[in-house]
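Comments concern the structure below.
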Amino acid sequence: MVVDTNVLIRALLKPDSSDGLVIRRAVEGKLDLFFSLKLITELKRTLTYKRIRKRAVTNDDVKIFLKTLLTFGNITSITEKINLCRDPDDNELLSIAVSIYKDSPVYLVTADKDLLVLKGKIEKVMIVTPQEFLRLRK
């Protein structure tokens, strides 16, 4: 499974939300979570934004969250580049998903409309919202 930065941030801000539950399942070992170094760098940068910090997120919260993701997630290399989106960060997510594909489709969990419009258009990737993912993976 690959998770978009927007879902990761909402999981940090609202751990009891569907976004938080997706991440909690990965931490509990029920799902394999994959990142690239570029995605982790984007997440770290985004977590410094004032609009995020004003939501009562402390430096310790961010450190613990990042450490948890890195402990229970898997850093992977991009072996196949995808360039379907105008946003390079979205292309990074698609590239991660295609690169980790083995025998069954890889879930890309996102709330990004630019990615959601690609549902069903990439054979190896199932693009879903957090709510859809939780329904599919009960």
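At-a-glance table
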{"read-out": "Every residue from segment 1-60 that is under 14 Å from Asp89 (Cα atoms) and of a type in the set (Lys, Arg)", "value": "Lys38, Lys44, Arg45"}
{"read-out": "One residue from Leu39, Leu70, Leu31, Leu21 being in a loop (DSSP other than H, G, I, E, B), in contact (Cβ under 8 Å) with a residue 24 or more places away in the chain and hydrophobic (A, V, I, L, M, F, W, C)", "value": "Leu31"}
{"read-out": "Test result for Leu43, surrounded by 15 or more Cβ atoms within 10 Å (Cβ to Cβ) and under 11 Å from the mean Cα position of the chain (by Cα)", "value": "yes"}
{"read-out": "Residues located in segment 112-127, provided they are aliphatic (A, V, I, L, M), closer than 18 Å to Ile9 by Cβ and surrounded by fewer than 16 Cβ atoms within 10 Å (Cβ to Cβ)", "value": "Leu116"}
{"read-out": "Matching entry among Val7, Val22, Val2 (being in contact with an Asp or Glu (Cβ under 6 Å, 6 or more places away or on another chain) and closer than 23 Å to Pro105 by Cβ)", "value": "Val7"}
{"read-out": "Residue count for segment 30-59, restricted to those that are within 25 Å of Ile78 (Cβ to Cβ) and either touching a Lys or Arg at 6+ places or on another chain (Cβ under 7 Å) or not charged (D, E, K, R) (or both)", "value": "13"}
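Yes or no, residue by residue, for (1) of a type outside the set (Phe, Trp, Tyr); (2) within 21 Å of Arg137 (Cβ to Cβ); (3) over 13 Å from the mean Cα position of the chain (by Cα); (4) surrounded by 11 or more Cβ atoms within 10 Å (Cβ to Cβ):
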residue	(1), (2), (3), (4)
Asp4	yes, yes, no, yes
Val7	yes, yes, no, yes
Gly29	yes, yes, yes, no
Ser36	yes, no, no, yes
Lys63	yes, no, yes, yes
Leu70	yes, no, no, yes
Ile96	yes, yes, no, yes
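Since every read-out is calculated from the coordinates, none of them should be taken as a lab result. Please read these numbers as outputs of a predicted model, since none were measured by experiment. Reconstructed Cβ throughout: ideal geometry from the backbone, glycine too, with neighbour counts over all protein chains shown.
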